[in-house]
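Trainee: Pasting in a structure now, in structure tokens, and then I'll have a few things to ask.
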Amino acid sequence: MKAVVVGGGLGGITAAVALRAVGWEVVVLERAPEFGEVGAGIGVMPNALRALRELGLADEVRRIGTPRVPGLLRDPRGRVLVRVAQGSEHVVAVHRADLHRVLRSALPERCLVTGVEVRSVDELDADLVVAADGIRSGIRREVFPEHPGPVYAGATAWRSVTGARFPRDVEIGQTLGPGTEFGVLPLGDGRVCWYAAVVAPPGGRADDELAEVRRLVGTWHDPVPALLDATPPGTVLRHDVHELRAPLPAYVHGRVALLGDAAHAMTPYLGQGACTAIEDAVVLAALCARHDVATALAGYDRLRRPRTQAVARASRVLGAVGHRLRNPLAVGVRNVVVRAVPGWAVARGADRFTGWAPPSLSPDRG
Ligand SMILES: Cc1cc2nc3c(=O)[nH]c(=O)nc-3n(C[C@H](O)[C@H](O)[C@H](O)COP(=O)(O)OP(=O)(O)OC[C@H]3O[C@@H](n4cnc5c(N)ncnc54)[C@H](O)[C@@H]3O)c2cc1C
């Protein structure tokens, strides 16, 4: 059986690895001149790590990622709102480029083709087409022409990674100010990935984006100023946040499966966009290992649509009660309420999303 994967982002590459693991012939077509990921760090949540374990890649990701550190939610003065102890399966922050490289290392070169822009599914000779062509998916437009596509989610986000290395005790953290959020993901090698998000109209650009972030959060608690000071100027990426607010009516069409942002681009507040793309890939392959393509695709839609659309909704809600709150009174009330919630209850709430476990890729294992 042969699959063509359109798009070589984290979702597409994982799909290729997973389908090959169940014996399919796979080719990934990527329009960019080379494979790789820009961007900064990414938190690989326990749900995605379990999926990577099915592919035999979790240990390598853990090796290059953050050791176990506590998670903190704070206010801009550094007062702790919630402290989340990490369980045995913790969030592992890695550089996106490193995660992409680990995934690519599981594929022979001949599976990876760059510089090819797919214009229509009809061009592709395959039993299965995996549309992993991202939030602006052309295949989604082709198979669901009525769908309105992505919309602006109301916030712009900056991301970068420090040049300098920090001590191993930097926590995974999020700080919520009025209309603004700052997040910290320590990488395995001591560098620290940070991101900032602010409620703003779309399309804004500054001559010096690092200075813009400093203006917003430069007086916040330690280590926020130190992280910005340690960031090489010119490395700060800025993206307006978009999402597929109107849920797709199906993730499959004929022999096409939509996967990752093509199917369910979501806001980043739960840190689950790429994680759920990785889940999609393993579920699709597990179904293809057991069934004919039509049955596998029906099962993929049935299993993936409710879960990923629920994660996307929860992420949107989290943004609305998180950094999108701007009214000082509402922020104060939110902080009092959040402080009253014990860390174990937060961990249990998060478990609804991070507690997911993949099906086995091996049909013999149920
Ligand atoms: C600010 C921000 C922070 C985020 N933080 C996190 C996080 O911490 N954790 C997390 O899990 N997620 C996070 N995400 C979400 C995550 O980045 C995405 O969900 C994920 O990268 C989607 O992967 P994908 O493979 O589906 O799509 P993409 O990464 O967009 O890949 C699509 C690929 O398809 C290619 N392509 C497109 N059209 C064609 C075509 N016609 N022919 C051939 N190739 C084509 C593109 O060039 C691209 O390489 C964040 C997102 C943002 C914006």
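Trainee: Looking only at region 63-97, filter to residues that are crowded, with 20+ Cβ neighbours inside 10 Å and basic (Lys, Arg); which one of those is nearest to PRO225 (Cα to Cα)?
Mentor: Checking each candidate, the answer is ARG74.
Trainee: Could I ask something else about it? If you go through region 186-202 one residue at a time, do you hit one that is free of Cβ contacts under 8 Å to residues at least 60 places away in the same chain, buried (at least 21 other Cβ atoms within 10 Å of the Cβ) and in a helix (DSSP H, G or I)?
Mentor: no
Trainee: Within region 332-354, which residues are at pLDDT 85 or above and surrounded by 13 or more Cβ atoms within 10 Å (Cβ to Cβ)?
Mentor: Selection gives GLY332, ARG334, ASN335, ARG339, PHE353, THR354.
Trainee: Can you spot a residue in region 213-223 that is part of a strand (DSSP E or B), open to solvent by 10 Å² or more (accessible area, probe 1.4 Å), within 19 Å of PRO76 (Cα to Cα) and touching a residue at least 40 places away in the same chain (Cβ under 8 Å)?
Mentor: So far as region 213-223 goes, no, none of its residues is part of a strand (DSSP E or B), open to solvent by 10 Å² or more (accessible area, probe 1.4 Å), within 19 Å of PRO76 (Cα to Cα) and touching a residue at least 40 places away in the same chain (Cβ under 8 Å).
Trainee: Has region 263-283 got any residue that is outside any helix (DSSP H, G or I), touching a Pro at 6+ places or on another chain (Cβ under 8 Å) and of a type in the set (Gly, Ala, Ser)?
Mentor: yes
Trainee: Please verify whether GLU54 is away from the ligand (no atom under 16 Å from the Cβ) and either within 20 Å of the chain's Cα centre (by Cα) or aromatic (Phe, Trp, Tyr) (or both), treating the condition exactly as stated.
Mentor: Yes, satisfied.
Trainee: What's the total number of residues in region 15-41 that are within 21 Å of LEU297 (Cα to Cα) and more than 8 Å from the ligand (Cβ to nearest atom)?
Mentor: Result for region 15-41: 14.
Trainee: Next up: Among VAL118, VAL113, which is the only one that is in contact with an Asp or Glu (Cβ under 8 Å, 6 or more places away or on another chain), in a loop (DSSP other than H, G, I, E, B) and among the aliphatic types (A, V, I, L, M)?
Mentor: VAL118
Trainee: Being surrounded by fewer than 23 Cβ atoms within 10 Å (Cβ to Cβ), touching a helix residue (DSSP H, G or I) at 6+ places or on another chain (Cβ under 6 Å), at pLDDT 95 or above and not in a strand (DSSP E or B) is the filter here, so list the residues in region 1-46 that pass it.
Mentor: VAL22
The values are calculated or read from the model by the stated rules, or taken from the named source; none is laboratory data. Model, not experiment: these values are computed from the prediction. Here the Cβ is made from the backbone with ideal geometry for all residues, glycine too, and neighbour counts use every protein chain on show. These accessible areas exclude ligands, DNA and RNA; they are computed on the full protein's heavy atoms, side chains included. Shrake-Rupley method; radii C 1.70, N 1.55, O 1.52, S 1.80 Å.
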